[in-house]
Amino acid sequence: MRVLRNLGAALFSMTYTPERLKFMKIIGPLVQSSVSIIALKKNKIVVKFVSALLRLMVGVMREDIGDQLVRKFAISDSFVIKTKLVKH
């Protein structure tokens, strides 16, 4: 993460995880959020268990919470499309 490599860097918004507490000091306010998987309605995709993701291609932002979660659930990289956040 860039914020770990650059002195004086800060994040405006980040998903709280126990793993991140090892490296970061979380400063409030904390708000509850959800991490979701989104698909076109016409595709009628239903996912009730993480194992159902194994048959889908999943897109994530590289090093973002979605990327970390798919790795946590051992979804093969061959089913994950990773992209970088583009600077403006």
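The values are calculated or read from the model by the stated rules, or taken from the named source; none is laboratory data. All values reported here derive from a predicted model rather than from experimental measurement. FYI the Cβ positions are ideal-geometry reconstructions off the backbone, even for glycines, and counts take in every protein chain you see.
Can you work out which of the residues in the range 1-26 that are under 19 Å from residue 61 (Cα atoms) and of a type in the set (Val, Ile, Thr) is modelled with the lowest pLDDT?
Among residues in the range 1-26 that are under 19 Å from residue 61 (Cα atoms) and of a type in the set (Val, Ile, Thr), the one modelled with the lowest pLDDT is 3.
Could you check how many residues of the range 14-28 are under 21 Å from residue 71 (Cβ atoms) and not in a helix (DSSP H, G or I)?
Of the residues in the range 14-28, the ones under 21 Å from residue 71 (Cβ atoms) are 14-24.
So of that shortlist, the ones also not in a helix (DSSP H, G or I) come out as 14-17, 22-24.
Residues in the range 14-28 being under 21 Å from residue 71 (Cβ atoms) and not in a helix (DSSP H, G or I): 7 in total.
Among the residues of the range 27-50, how many are in contact with a helix residue (DSSP H, G or I) (Cβ under 8 Å, 6 or more places away or on another chain) and exposed (fewer than 12 other Cβ atoms within 10 Å of the Cβ)?
The total comes to 2.
Limited to the range 56-80, what total is found for residues that are exposed (fewer than 10 other Cβ atoms within 10 Å of the Cβ) and modelled with pLDDT under 80? Show your work before the answer.
Looking only at the range 56-80, we keep the residues that are exposed (fewer than 10 other Cβ atoms within 10 Å of the Cβ), and these are 57, 74, 76-78.
Imposing the further condition that a residue be modelled with pLDDT under 80 reduces the set to 74, 76-78.
Qualifying residue count, the range 56-80: 4.
Hey, can you tell me all the residues within the range 1-11 that are closer than 18 Å to residue 67 by Cβ and loosely packed, with under 10 Cβ neighbours inside 10 Å? Full working, then the answer.
Going residue by residue through the range 1-11, those that are closer than 18 Å to residue 67 by Cβ are 1-5, 11.
2, 4, 5 - these are the residues of the range 1-11 that are closer than 18 Å to residue 67 by Cβ and loosely packed, with under 10 Cβ neighbours inside 10 Å.
Check off (1) touching a strand residue (DSSP E or B) at 6+ places or on another chain (Cβ under 9 Å); (2) surrounded by 13 or more Cβ atoms within 10 Å (Cβ to Cβ); (3) on the phi < 0 side of the Ramachandran plot for residue 14 and give me the number that stays unchecked.
Condition (1) is where residue 14 drops out.
Test each condition in (1) hydrophobic (A, V, I, L, M, F, W, C); (2) in contact with an Asp or Glu (Cβ under 7 Å, 6 or more places away or on another chain); (3) in a loop (DSSP other than H, G, I, E, B) for residue 31 and report the one that comes out false.
If we test residue 31 against (1) hydrophobic (A, V, I, L, M, F, W, C); (2) in contact with an Asp or Glu (Cβ under 7 Å, 6 or more places away or on another chain); (3) in a loop (DSSP other than H, G, I, E, B), just (2) comes out false.
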